[in-house]
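For reference, the structure discussed in these notes is given below.
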Amino acid sequence: MNEHETHAHSQAEEDAEKVPDDVLLKQALESWKRTFTSYENKWHASRRLVLADASVSLKALFICLISVLLLAGVVMTIWIVINIGIAYGLSQAGLFWYWVFATILIFNFVLLFALIHIFKQAKQAIPLRESINAFFSHAE
């Protein structure tokens with residue numbers, strides 16, 4: 001280093017030492033405030049994102065619920081029409097109306113028990129219970 005660079009370097013060190021403590025404290029507080037504001041803005045942006053996602057999810061859930069209810073209504077209407085058609089056909093075939101009623105009732109109960117059996121088998125095929133038991137047994 002030459003003499004001019006050494007003098008400039010020592011002058012910079014002296015200027016740094018001359019900075020009052022209140023200026024350093026003010027700079028530190030401003031830096032902390034900017035950092036805090038940055039984290040606060042991130043938190044608010046994340047909160048808005050979560051609220052927007054929740055709103056969209058609730059709307060989608062509502063649409064799914066309405067769709068399932070409408071589908072159930074259509075299926076029930078079709079099922080009633082099928083039962084009426086079977087009853088009318090049996091009645092036109094000359095079957096007494098007591099037997100028509102008993103045939104439709106037996107037909108619906110057989111179908112109900114078949115659906116219950118299918119549901120139970122499908123429920124057993126879902127291994128969720130074992131996963132939950134394994135999770136909680138390892139957690140202890």
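Laid out as a table, the results:
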| quantity | calculated |
| --- | --- |
| Pairs with Cβ under 7 Å, 6+ apart, first in region 87-114 and free of Cβ contacts under 8 Å to residues at least 12 places away in the same chain and among the small types (Gly, Ala, Ser), second surrounded by 10 or more Cβ atoms within 10 Å (Cβ to Cβ) and assigned to a helix (DSSP H, G or I) | Ser91/Trp97; Ser91/Val100 |
| Residue match in region 114-122 (condition: at negative phi, charged (D, E, K, R), assigned to a loop (DSSP other than H, G, I, E, B) and over 23 Å from the mean Cα position of the chain (by Cα)) | no |
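Readers should treat all values here as calculations from the given coordinates under stated rules, not as data from a laboratory. Here the structure is a predicted model, which means the values were calculated and not measured. Positions of Cβ are backbone-derived with ideal geometry, glycine not excepted, and every protein chain shown enters the neighbour counts.
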